[in-house]
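A.B. asks: Take a look at the following structure, please.
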Amino acid sequence: MTTTRNHRRIFTITAVVAAAALILVLALTALNRGSETAPAAGPAGANNVDRIEITSVDGKALTVPSTRPTVLYFMASWCYTCVPQAEAMKELEQEYADKADFVAVDVTPENTKTQVDQFREMAGTPGYPFVVDRTGELTQKYAVTSLDSTVVIAPDGDILGRADSRPMKADALKEFLDTTLP
C-alpha cells in the first residue's frame, strides 16, 4: 500500500516537473522565434535611434521608441500570469496618460487578433494598444528573454528602466513607473 502511494507521489511529481519544463521550453521558443532572420540590434542610444514601425492588432501604426516615453509590456496571450499586469496597466493608463504610452507586446508570432482580444477581455479590455511581435524585432532589440517583462524606453531610444520576469500589480507597477519615468 505504501509502495503504491510512493509510486503515485513520484509519478505526480515527475508529471508536474515535466509540465513545467514544457511550459518553459514553449515560452523560450516563442521569445526566440525570429532570431534567425532579424538582425541583432545594438543598444539604442541618443546617437543611434533605430525606430521600429509596428501595427497594433487593431490596425493602429506605432513607432518604438515614440516621441514620448514608452512602457513596453512583453507578454503572451496564452500566459495567465501576464493578466494581472495587463489589468494594472489598464488601471494606471489614465494616470500616466500625460507621461508615457503603454504598449503590450505579444511575443508569440503566430498569435491572431482573436487570441489577443481574448486576453484583452481577461484583462478588462484595456485601451492601450496590443501588438504581436511577428518578427521578434522588439523582443530582440530590448533583449527580452522572459515573459512578464516591462521595459521603459525614452524617446531617444535609451532604456529608462526594466523589470524582467516580474509581473506587477497596480501598486508595484505604479512604484516602478514613478521611479522610472522622468
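The values are calculated or read from the model by the stated rules, or taken from the named source; none is laboratory data. Source: prediction; values computed, not measured. So basically every Cβ, Gly included, is an ideal-geometry build from the backbone, and we count neighbours across all protein chains shown. All accessible areas refer to the heavy atoms of the entire protein, side chains included, with ligands and DNA or RNA removed. Shrake-Rupley method; radii C 1.70, N 1.55, O 1.52, S 1.80 Å.
A.B. asks: Do the conditions hold for residue 135, that is, is it open to solvent by 50 Å² or more (accessible area, probe 1.4 Å), assigned to a loop (DSSP other than H, G, I, E, B) and among the β-branched types (Val, Ile, Thr)?
C.D. replies: Against the criterion (open to solvent by 50 Å² or more (accessible area, probe 1.4 Å), assigned to a loop (DSSP other than H, G, I, E, B) and among the β-branched types (Val, Ile, Thr)), residue 135 qualifies.
A.B. asks: Yes or no: residue 84 touching a residue at least 12 places away in the same chain (Cβ under 8 Å) and surrounded by fewer than 17 Cβ atoms within 10 Å (Cβ to Cβ)?
C.D. replies: Taking the combined requirement at face value, the residue does not satisfy it.
A.B. asks: Which residue is nearest to residue 136 (Cα to Cα), if the candidates are limited to the range 56-70 and must be open to solvent by less than 40 Å² (accessible area, probe 1.4 Å) and either in contact with a helix residue (DSSP H, G or I) (Cβ under 7 Å, 6 or more places away or on another chain) or acidic (Asp, Glu) (or both)?
C.D. replies: Filtering the range 56-70 for residues that are open to solvent by less than 40 Å² (accessible area, probe 1.4 Å) and either in contact with a helix residue (DSSP H, G or I) (Cβ under 7 Å, 6 or more places away or on another chain) or acidic (Asp, Glu) (or both), the one nearest to residue 136 (Cα to Cα) comes out as 64.
A.B. asks: Oh, and also: Looking at the structure I just gave you, is residue 73 modelled with pLDDT of 95 or more, within 17 Å of residue 172 (Cα to Cα) and surrounded by 23 or more Cβ atoms within 10 Å (Cβ to Cβ)?
C.D. replies: yes
A.B. asks: Now a separate question. Being closer than 19 Å to residue 153 by Cβ and of a type in the set (Asp, Glu) narrows it down to one of 121, 87, 110, 93, so name that one.
C.D. replies: 93
A.B. asks: Something else about it: Picking from 100, 104, which residue would you name as being open to solvent by less than 50 Å² (accessible area, probe 1.4 Å), in contact with a Lys or Arg (Cβ under 7 Å, 6 or more places away or on another chain), of a type in the set (A, V, I, L, M, F, W, C) and touching a residue at least 12 places away in the same chain (Cβ under 8 Å)?
C.D. replies: Just one listed residue meets the conditions, 100.
A.B. asks: Tell me which residues, restricted to the range 158-182, are touching an Asp or Glu at 6+ places or on another chain (Cβ under 7 Å), in a loop (DSSP other than H, G, I, E, B) and in contact (Cβ under 8 Å) with a residue 24 or more places away in the chain.
C.D. replies: If the condition is that a residue be touching an Asp or Glu at 6+ places or on another chain (Cβ under 7 Å), in a loop (DSSP other than H, G, I, E, B) and in contact (Cβ under 8 Å) with a residue 24 or more places away in the chain, then 167 is the only one that fits.
A.B. asks: So, of the residues in the range 138-171 that are of a type in the set (Ser, Thr, Tyr) and farther than 20 Å from residue 93 by Cα, which turns out to be most open to solvent (accessible area, probe 1.4 Å)?
C.D. replies: Within the range 138-171, the match that is most open to solvent (accessible area, probe 1.4 Å) is 145.
A.B. asks: Suppose we filter the range 84-107 for residues that are assigned to a strand (DSSP E or B) and touching an Asp or Glu at 6+ places or on another chain (Cβ under 9 Å); how many remain?
C.D. replies: 3
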